[in-house]
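Taking it in order: structure first as structure tokens, then the write-up.
The values are calculated or read from the model by the stated rules, or taken from the named source; none is laboratory data. Keep in mind it's a predicted model, so treat the numbers as computed, not measured. Here the Cβ is made from the backbone with ideal geometry for all residues, glycine too, and neighbour counts use every protein chain on show. With ligands, DNA and RNA removed, areas are computed over all heavy atoms of the protein, side chains included. Shrake-Rupley method; radii C 1.70, N 1.55, O 1.52, S 1.80 Å.
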Amino acid sequence: MAAPVTRTGTLSEPEPVPGDEIYTPEFRADPYPVYARLRAESPVIRVRTPRFDSYLVTRYDDARQAMSDPRLSKDLYRAGDTYLQVFGEKARQINTNMLNSDDPEHTRLRRLVTQAFTPRRIEAMRPRVEEIVEELLDRIAPRGQTDFVDDFALRLPLAVVGDLLGIPREDHEEILSGTQVIRTVGTGGRSPQENRTAIAEAQSRLHAYFTGLVAAKRANPGQDLVSSLIEARDGEGRLSEAELVSTAFLVLFAGYQTTSDFLGNAVVALLTNPDQLELLRKDPELIPEAVEELLRFDGSVPVSSFRFATEDLEIGGVTIPQGSIVTVVLSAANHDPALVDDPDRLDLKRADVPHLSFGHGIHYCLGTALARMEATTALRRVLVRLPDLRLDVPVEDLQWLPAASAFRGLLALPLRFTATQTA
């Protein structure tokens, strides 16, 4: 890593690091040694990539500070040319939502969605989640092998969030095809320009789909979140049409992609830590605590979403110039020894660790209760229904999403187990 350069009259600021020194295949498979070096040597450092420079924040305390600092804006319109440079014009169609806004707009938009994530509403969804889990496992269990990502991890949260939004079951494959283009950016041998083109086209298709879904729900409302948001939009005028469509997309992508990738990561973590897997098999009551530790250990959202400095500010002794992009590395913060002892060890008996896998501050993930309920339900039944579960390829041969992706997850997860017939 580059050594810090001390500037007269200012705090030290590290020299920028070329992105290709960090985003290698080795990093993609196991980023945690790199994160450890950054925390120790350059906890706030500017990284140069082909698309943009960004200050990485890797220590736990600095990360919490950054995610609570109102001078680090998430307002995509306020970002102006910076946003367009990073994401392109078409991205605005589906990014006009609470994730990309500051107060008071953030609070206004978030309040309208909160209704779908009350404890009572989440608990009411539990029987349906259990039903989906059993349906998926009924198809998998007799085979004796599976690609867990495609057969289960992608399907469960897509079905759950599809029900929440009122997306017809027959449209799930259309949704999956569009979101997978965005999720797997950097794969398929595409050039950077081809990637940008493919993502823009996928975003346009998804925007068109949700525009049509809104129109259909307006004509025939149901007991779903999109219908409720339309009522708020039409009845009180508090939600623009663009915000309505974009919010539906956000709930879909945030509610399904993050959970699907986490489920794959969790299974790999358990299979590569057999003592912890055995602990869980012997005491299934540990599953809620295990989910929290698995989130800390290898979460599906390694970095925070786009932030930019509205004025000069300081993080970890480093001056961040106005207009700079700041990326909080959640996975690095979660492995900070200041947070837990021996952070690179999976310990399912850790309790009450305030990890940052769901973020921090006003943008703390709204769907945490739903994600936890899905994960605990899924893991409990997977361990029962798929006995002697094991990897079907060496762990070093697993194909992870490329570093260009905003998510940490697997392209595929081949597993074997003893086949069992469904009742």
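Shown in residue order for the range 342-351 are the 3J(HN,Hα) couplings computed by the Karplus curve 6.51 cos²θ - 1.76 cosθ + 1.60 at θ = phi - 60°: 6, x, 8, 9, 7, 9, 6, 9, 4, 10 Hz (x for Gly and Pro). If only the Cβ of Lys and Arg carry +1 and only the Cβ of Asp and Glu carry -1, the dipole of the chain around its Cα centre is close to 620 debye.
When Glu374, Glu311 are compared by accessible area at a 1.4 angstrom probe, the order from most to least is Glu311, Glu374. The residue among Ala153, Ser177, Met67 whose Cα reaches farthest toward the positive pole of the charge dipole of the chain, with charges on the beta-carbon of Lys, Arg, Asp and Glu, is Ser177.
Taking one quarter of the surface of the convex hull spanned by the alpha-carbon atoms of the range 157-314 gives a direction-averaged projected area of 14.3 nm². For the range 209-299, the relative contact order is 20 percent, taking Cα pairs closer than 8 Å that sit 6 or more residues apart in sequence and dividing their mean separation by the residue count.
Here Rg and Dmax of the Cα atoms in Å was computed from the coordinates, and among (1) 21.4, 74; (2) 35.2, 112; (3) 39.8, 138 the match is (1). Protein heavy-atom surface of the chain, 1.4 angstrom probe: 52% of the accessible area is carbon and sulfur, with nucleic acids and ligands not counted.
When Thr49, Thr247 are compared by accessible area of protein heavy atoms, the largest-first order is Thr49, Thr247, using a 1.4 Å probe. Annotation: per residue accessible area for the range 202-329 equals 36 Å², rounded to a whole number [probe 1.4 Å, protein chains only]. Placing a pseudo-label 7 Å from each Cα along the Cα-to-Cβ vector at Thr272 and Arg416 gives an inter-label distance of 2.0 nm.
Averaging over all projection directions, the Cα-based convex hull of the range 242-385 occupies 10.4 nm² in the image plane. Helices that extend 18 Å or more along their long axis by alpha-carbon positions and average at least 0.5 on the Kyte-Doolittle scale are, among the DSSP H runs of the chain, 241-271. Farthest towards the positive end of the charge dipole of the range 310-354, among the residues Ile315, Thr327, Pro343, is the Cα of Pro343, using unit charges on the Cβ of Lys, Arg, Asp and Glu.
Helical runs assigned H by DSSP (4 residues or longer) give the chain a calculated mean residue ellipticity at 222 nm of -15500 deg cm²/dmol, each run adding -39500 (n - 2.57) before division by the residue total. Enumerate by residue number the chymotrypsin sites (Phe, Trp or Tyr not before Pro) in the range 321-423 meeting two conditions: DSSP loop (anything except H, G, I, E, B), and at most 14 other Cβ atoms within 10 Å of the site's Cβ. Here the chymotrypsin sites (Phe, Trp or Tyr not before Pro) that fit, given the DSSP loop and packing criteria, are Tyr364. One decimal place: the segment Ala369-Lys282 gains 28.8 nm when fully extended, by the rule 0.36 nm per residue minus the C-alpha distance. Leu313 contributes about 10 Å² of solvent-accessible surface, heavy atoms of the protein only, 1.4 Å probe.
Modelled spin labels at Arg381 and Arg111, positioned 7 Å past Cα toward Cβ, are 3.7 nm from each other. Using Cβ point charges alone (K and R +1, D and E -1), the dipole size of the range 266-423 about the Cα centre works out to roughly 660 debye. Normalised by the number of residues in the range 326-375, the average gap of Cα pairs under 8 Å and 6 or more apart makes the relative contact order 31 percent.
Measuring only protein heavy atoms, the 1.4 Å probe finds Asp344 accessible over about 90 Å². A Förster radius of 30 Å combined with the Cβ-Cβ distance from Arg218 to Asp312 puts the calculated FRET efficiency at roughly 0.05.
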